[in-house]
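The next block holds one structure in the form of structure tokens; read it before the comments.
The values are calculated or read from the model by the stated rules, or taken from the named source; none is laboratory data. It should be emphasised that the depicted structure is a prediction, and the values quoted were computed from it without experimental measurement. Quick reminder, even Gly has a Cβ in these numbers, built from the backbone with ideal geometry, and neighbours come from all protein chains shown.
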């Protein structure tokens, strides 16, 4: 999906549009909408507090390395694959 330049905001996404967590810039606060993962990964992410409705702070966002988020006061390190499966808004 291409966004018109007038529709772009920080992180290249419009507000209220669900996107994968890996597309969010560091410093942004977002809410988990859904987790698109197989049961094993979904269970692991759930155990880390990454469930629908959870507010998270993006601490570190890189294109190839780890992704760090703050979940309920705890820092969680995610792979790019994990961050791709977490849909946020």
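I want to confirm something. Restricting to the stretch 32-79 and keeping residues that are assigned to a helix (DSSP H, G or I) and in contact with a helix residue (DSSP H, G or I) (Cβ under 9 Å, 6 or more places away or on another chain), which single residue is surrounded by the fewest Cβ atoms within 10 Å (Cβ to Cβ)?
Looking only at the stretch 32-79, we keep the residues that are assigned to a helix (DSSP H, G or I), and these are 39-47.
Of the ones still in play, those that are also in contact with a helix residue (DSSP H, G or I) (Cβ under 9 Å, 6 or more places away or on another chain) are 41, 44-45.
Numbers: 41: 14, 44: 12, 45: 20.
Within the stretch 32-79, the match that is surrounded by the fewest Cβ atoms within 10 Å (Cβ to Cβ) is 44.
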Checklist entry - Mind checking which pairs have a first residue in the stretch 39-58 that is farther than 13 Å from residue 83 by Cβ and a second that is surrounded by 17 or more Cβ atoms within 10 Å (Cβ to Cβ), Cβ under 7 Å, 6 or more apart or different chains? => result 42/35; 49/71; 51/32; 52/32; 53/32; 54/32; 54/71; 57/69
Checklist outcome for this item: The one condition residue 8 fails out of (1) at pLDDT below 95; (2) touching a helix residue (DSSP H, G or I) at 6+ places or on another chain (Cβ under 7 Å) is (2)
Checklist entry - Of everything in the stretch 17-31 that's part of a loop (DSSP other than H, G, I, E, B), farther than 13 Å from residue 52 by Cα and in contact (Cβ under 8 Å) with a residue 40 or more places away in the chain, which residue is farthest from the chain's Cα centre (by Cα)? => result 17
